[in-house]
Amino acid sequence: MLCMVAKRLKTMGNPYRLWGDEFAFLIADETEQHKKTNNLIDKISSKVKLPYRLHNNKYYISACVGISVFPDDCDDIETLCSYADLAMYQSKAVGNSSTTYFDTSFIETIARRNELENDLKRAVEKQQLHFLYQPKVDMVSGKITSAEALLRWTHPKYGLISPFEFIPIAEKSGDMIPIGDWVLEQVCLQITQWKKQYQLLNVAVNVSSVQLTALNFTDTVQTILARTDCLPQWLEIEQTESWLMNDQEKNINILKQLKSLGISLALDDFGTGYSSLSQVARLPLDVLKIDKCFIDNCVTNRDDHMVVRTIIQLGQNLGMKIVAEGIEHEEQRQLLEDENCEYYQGYLFSKPITAKPFEDLLKEQSLS
């Protein structure tokens with residue numbers, strides 16, 4: 001997909017690949033009110049929106065654009081790029097293929113990001129990173145069968161930092177791999193401890209795409225499993241659709257290597273990415289997780305209900321377990337039970353909690 005995007009961009013100038021799905025153009029523009037730049041952005045947006053054909057399927061994407069201006073905003077290329085990047089993230093927050101010019105009010109955000117990047121390097125040793133666990137519950141019996149481990153960062157100055165903020169920082173700074181390896185080791189240690197006392201199928205953890213595509217990742221996982229006495233079937237690795245679609249063949253091979261170890265594989269937030277139903281059939285998955293956006297209105301919105309039904313039927317026909325995310329009301333749970341969805345997560349049963357309260361739930365369940 002990214003290769004096809006790059007080809008289209010090359011018809012309009014000389015794009016530079018920066019990171020992941022980010023590209024940059026360097027434009028000499030002396031026109032009034034940046035008319036030349038704005039015209040180019042309109043062309044880029046129109047061209048990027050055209051359908052992409054991949055594996056006999058059509059895909060549609062859009063572009064969010066951030067712009068910084070030399071010498072108005074700054075006079076060095078590194079800062080200019082960081083300002084454009086920040087403006088681009090403002091566009092992403094707005095959505096709808098928007099364009100944002102850098103504004104000096106964004107500088108405070110840059111200062112915060114730089115501070116977080118520096119502090120994140122020492123967050124593990126300072127014991128600022130911790131885990132919450134959200135139970136996965138059997139739809140019919142209401143019993144906990146497994147859990148999802150969620151990484152959190154409590155910053156001494158800013159308090160609780162969302163993973164949506166600090167994970168991209170770690171990925172760009174090069175800290176994601178050591179942090180990700182630490183996360184896997186801690187989760188495996190916790191699994192091993194719980195398995196000695198409770199009937200728990202496995203614990204899932206979302207692994208960053210940067211970590212998954214790192215050299216010898218499968219070997220790293222194997223080493224961690226051996227070091228923590230954690231059996232492979234006790235661990236479940238989650239990944240999103242968007243990662244799989246970036247370089248599908250390569251990423252499928254990575255999943256197959258993990259699968260060969262005996263690890264369970266889950267596709268998180270299904271329905272929000274680019275994959276088609278036929279592509280899912282090619283993936284070596286054990287679990288399909290229905291995104292919360294379809295669950296929220298599935299009781300009142302027929303279209304969402306039909307999407308949920310289709311995902312459940314698709315997954316089960318392919319031999320996968322189905323987990324519904326974000327169940328908050330009994331009516332949602334009942335509808336999903338009627339559609340034969342096997343498991344759910346959500347505030348109806350429990351919000352994400354620390355290890356001790358989670359253990360209390362397991363103890364209570366073992367006594368009932």
message = So for the range 222-242 (the condition being within 25 Å of Leu129 (Cα to Cα), modelled with pLDDT under 90 and either β-branched (Val, Ile, Thr) or not assigned by TED's automatic domain parsing to the domain that holds Gln334 (or both)), does at least one residue qualify?
response = yes
key: Subset of the range 81-95 (residues that are within 20 Å of the chain's Cα centre (by Cα) and not aliphatic (A, V, I, L, M))   = Asp85, Tyr89, Gln90, Ser91, Lys92, Gly95
request  = Looking only at the range 73-87, decide whether some residue is in contact with a Gly (Cβ under 6 Å, 6 or more places away or on another chain) and small (Gly, Ala, Ser).
outcome  = yes
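Working carefully through the options Ile110, Ile41, Ile67, Ile61, find the one that is within 27 Å of the chain's Cα centre (by Cα), at pLDDT 90 or above and surrounded by 13 or more Cβ atoms within 10 Å (Cβ to Cβ).
Details: Ile110 fails: at pLDDT 90 or above; Ile41 fails: within 27 Å of the chain's Cα centre (by Cα); Ile61 fails: at pLDDT 90 or above.
That would be Ile67, the only listed residue that is within 27 Å of the chain's Cα centre (by Cα), at pLDDT 90 or above and surrounded by 13 or more Cβ atoms within 10 Å (Cβ to Cβ).
Just the residues that are among the β-branched types (Val, Ile, Thr) and assigned to a loop (DSSP other than H, G, I, E, B), please, taken from the range 310-368.
Going residue by residue through the range 310-368, those that are among the β-branched types (Val, Ile, Thr) are 310-312, 322-323, 327, 353-354.
Once the filter is applied, which keeps residues that are among the β-branched types (Val, Ile, Thr) and assigned to a loop (DSSP other than H, G, I, E, B), the range 310-368 yields Ile327, Thr354.
Sort out for me the strands (runs of 3 or more DSSP E) sitting completely within the range 5-95 that have 1 or more residues that are of a type in the set (D, E, K, R).
Values: elements: 16-19, 22-24, 52-54, 57-59, 65-67.
The strands (runs of 3 or more DSSP E) meeting that bar are 16-19, 22-24, 52-54, 57-59.
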ask   = In the range 264-304, how many are at pLDDT below 90 and not in a strand (DSSP E or B)?
value = 13
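The values are calculated or read from the model by the stated rules, or taken from the named source; none is laboratory data. Since the model is a prediction, treat every value here as computed from it, not as a measurement. Don't worry about glycine lacking a Cβ; one is built from the backbone with ideal geometry, like all the others, and counts go over all protein chains shown.
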